[in-house]
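The values are calculated or read from the model by the stated rules, or taken from the named source; none is laboratory data. All values derive from a computational prediction rather than experimental measurement. Note that each Cβ is placed from the backbone with ideal geometry, even for glycine, and that neighbours are counted across all protein chains shown. Side chains included, ligands, DNA and RNA excluded: accessible areas come from the protein's heavy atoms. Shrake-Rupley method; radii C 1.70, N 1.55, O 1.52, S 1.80 Å.
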Amino acid sequence: MTKLDRRRGAILAGFLFPFALLALIAFAYRYDSFASIGWHGGEYANAFVWTAIGSIVVGALVRFTAEAPWRSIGSGMMLLGSIGMLVVLALGLLFLMAFANLDAP
C-alpha cells in the first residue's frame, strides 16, 4: 500500500465518522426517535448543524496540530462538515424561496 493509498483511506475514515453521525440524526428525525424526551424538528436541526460545525472545528484542530496520518483524517472531517453546512444552507434557501412565493390572503 502506497503512502497516497493510506492518505486516501485516512481521509475516507475522517469523512465516514461525521457522516454516520449526520445520517443517524437524519434517521432519528425521520422516525421521530427522540419524541419521548420532547424533541421536535428544531432539536434535530440544531443537532445536525452543531455536528457539522463540530466536525469542521475538530477537523481543523486535527489537521493543523496532529502528526501525518491524523492530518488526513482531519481533512475528511472538515470536508464532510463543509458539505453538511452547504446542505443546511441549501435547505434554508429553499425554505426562504418557498415563503417568498407564497400568496398571502
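Checking each residue in segment 51-72 for being assigned to a loop (DSSP other than H, G, I, E, B) and either among the β-branched types (V, I, T) or open to solvent by 80 Å² or more (accessible area, probe 1.4 Å) (or both) picks out only E67. If you go through segment 31-50 and keep only what is within 16 Å of the chain's Cα centre (by Cα), of a type in the set (A, V, I, L, M) and open to solvent by 40 Å² or more (accessible area, probe 1.4 Å), you end up with just A45. Determine which single condition L102 fails, assuming it passes every other condition in (1) touching a Leu at 6+ places or on another chain (Cβ under 6 Å); (2) not hydroxyl-bearing (S, T, Y); (3) not in a helix (DSSP H, G or I). Every listed condition holds for L102 apart from (1). Does segment 52-59 include one or more residues that are farther than 17 Å from L22 by Cα, in contact (Cβ under 8 Å) with a residue 12 or more places away in the chain and in contact with a helix residue (DSSP H, G or I) (Cβ under 7 Å, 6 or more places away or on another chain)? The answer is no; no qualifying residue exists. Can you confirm whether segment 8-30 contains a residue that is touching a Pro at 6+ places or on another chain (Cβ under 6 Å) and open to solvent by less than 100 Å² (accessible area, probe 1.4 Å)? Yes. Residues in segment 52-91 that are at pLDDT 90 or above and more than 15 Å from the chain's Cα centre (by Cα): L61, V62, R63, F64, T65.
Condition test on G41, is it within 17 Å of V87 (Cα to Cα) and not acidic (D, E)? Spelling it out, G41 is indeed within 17 Å of V87 (Cα to Cα) and not acidic (D, E).
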